[in-house]
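The block underneath contains the structure these notes are about, expressed in structure tokens.
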């Protein structure tokens, strides 16, 4: 019944259906409350049956009923444990997602810090923008390396032929 209630939260073919169901289930705690109540009642019935068995240890019907209640209670405990495992796994996945988000945000922040958006040219004027920074840097390194090949001399082939 809980599944039917949950699936009737919003219309068909909704891509956000699972999110809506999660919100609905968290809001109403459907399933968890019922499971906890069933667990409490199952334990109470098992305790009562074990007290009767303690009073009449040779009664076969009470032994059979106690065994049936014990098996039923163990199934309830298994369901409860399964729910706790699912919730823990979901929390772990959410935590992992948050850590991944933080990690990638830090990488992006570090990358943005390494960008040069503004620089001063040789006259001391501040130039902003990636294109302007590229022009100033290209101009600076062209000045260091030289623009013309005037400084090169001809190769003396006699020296090369002579060798070391």
Give the shape of segment 55-164 as rounded, prolate or oblate, defined through the alpha-carbon gyration tensor: a ≥ b ≥ c are the square roots of its eigenvalues, a/c under 1.5 means rounded, and otherwise the shape is prolate if a/b is larger than b/c and oblate if not. oblate
Förster radius 35 Å - calculated FRET efficiency between residue 112 and residue 145 (Cβ-Cβ, nearest 0.05): 0.70
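FYI, it's all coordinate maths here, none of it is from the lab. Just so you know, these numbers come straight off a predicted model, no measurement behind them. Glycine also receives a Cβ, built like all others from the backbone with ideal geometry; neighbour counts cover every protein chain displayed.
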